[in-house]
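Nothing in this text is a laboratory measurement; each read-out follows from the coordinates by a stated rule. As the structure is a prediction and not an experimental result, all values here were calculated from the model. Heads up, the Cβs are rebuilt from the backbone with ideal geometry, glycines too, and the neighbour counts pull from every protein chain shown.
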Amino acid sequence: MAPARRRPPRSGLLGSPPMASTIRPMGAADIPAAFSVAKAAIHVTAAADYSAWQCERWLEDYSPRPLATALTAAATSPTAIALLVLVVEPGQPTGDGRAGDGGGGGDGEDGKSGRGGGAHGGNVIGGGRGDGGVVAGVVQVALRSPTTATILGLFVHPAHGRRGYGSRLLTAAEGLAAAWGASRVRLRASTTALALYRKRGYVVDAETRPGPPELGAEVPLQRRL
C-alpha cells in the first residue's frame with residue numbers, strides 16, 4: 001500500500017507559505033512605500049465599492065506630504081499619534097493581487113478603514129520597498145481624547161491579502177491606544193472593510209455622524225478596550 005500523501009499546510013493566499021513579518025514604527029524612508037500600499041489598497045481592493053473619483057479624494061489624505069506631516073506629529077507627540085508599518089522579508093512570495101483581509105483600510109482624518117474603487121486593475125505585485133523589507137501594510141492611530149483613540153487609516157496591499165495582516169495591524173493599533181490610556185477605539189469603516197471590524201467586536205457608534213455622502217458609504221464604529 002502506498003503511503004498516504006501529506007497535504008501541505010494551508011496559509012496565506014492560495015496556500016502560499018507563511019511570510020516572516022514585523023510590525024514597527026514607520027520611518028521617513030517608508031513614506032513612498034506606505035503611499036504605494038495605500039494607493040493599491042484604495043484602487044484595487046475595494047474597486048467594486050467606490051467610484052474612481054471617490055478613491056482619488058480618499059487617497060489625498062495618504063499622499064507623501066500628509067504622511068510626512070503625520071510622522072512629524074508622531075515624533076512631537078509619541079503618546080498621541082503613531083504610524084506603524086507591517087514589513088515582510090525581501091524575496092517572500094506574494095499573492096495574486098486579490099482583495100485582502102481588511103483590504104484598503106482607513107480614510108483620512110475620520111478613520112474610514114477600507115474604501116476603494118478603481119483604476120489600476122488586478123495585477124499588483126508586492127508592496128513598496130521600505131526601510132528594510134517590503135511594506136505590506138500600514139496603520140495610523142491617534143488619541144483624540146484622554147479615553148478615546150481613533151484609527152485614521154489601515155491599509156493592506158492587495159498582493160499580501162488574506163494573511164491576517166489587517167487583523168495584526170489592528171491589534172497593534174489597539175495595543176498602542178490602550179497603552180496611551182484609551183478605553184475606546186473609534187473609526188469609520190468602509191463597505192469593503194466592515195466585515196473585518198465586526199469580526200473584531202466593533203459595533204455601530206451612534207454618537208458619530210457619517211461623513212459627506214458624496215465621498216461614499218461608511219459606517220462609524222467603536223470598540224471598548
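Express in nm, to one decimal, how much length is gained between R224 and R65 on full extension, taking 0.36 nm for each residue of separation and deducting their alpha carbon distance.
54.0 nm
Restricting attention to the range 164-225, which GluC sites (Glu not before Pro) occupy a DSSP loop and are surrounded by at most 12 other Cβ atoms within 10 Å?
Hits after loop and neighbour filter: E207.
Between V204 and A75, what is the spin-label point distance in nm, taking each point 7 Å from the Cα along the Cα→C-beta axis?
Result: 4.3 nm between the two label points.
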